[in-house]
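Student: Input: one structure, supplied below.
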Amino acid sequence: MLSSAIQNDFLDQWDTACGSGLVAVHLACQSLRTGESSMAVVGGSNLILSPDIQIEMSDMHFLSPDPISYAFDERADSYARGEGFGAVTLKPLDLALRN
């Protein structure tokens, strides 16, 4: 619920789709550069809570039939979906070195 509440309050002005983590990093860096913040925590997540989209994407042949990822390779034939979460703490270099 928290991430949904944050998304609804702060990110409604951007339709970021799968680029939301990168947009969050960009906004955090802007805040650090302007001095609005001295530290930022940026996170992103993906959860597959229902098989419905997976089934539709498979039916439309959007998903790779190969279990091996060939990102940036001539053998790449589509993509595979996954779940996960990641977070980073960002600080200006001088402050990070002091801490």
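Student: Figure the gain on full extension for S45 and K91 (residue separation times 0.36 nm, minus the Cα-Cα span) and round it to one decimal in nm.
Tutor: Length gained between S45 and K91: 14.4 nm.
Student: Kindly write out, for the range 57-67 in residue order, the coupling ³J(HN,Hα) from the Karplus curve 6.51 cos²θ - 1.76 cosθ + 1.60 (θ = phi - 60°), rounded to whole Hz, with x marking Gly and Pro.
Tutor: Using θ = phi - 60°, the values come out as 5, 5, 4, 8, 6, 7, 8, 5, x, 8, x Hz.
FYI, it's all coordinate maths here, none of it is from the lab. Quick caveat: nothing in here was measured; it's all calculated off a predicted structure.
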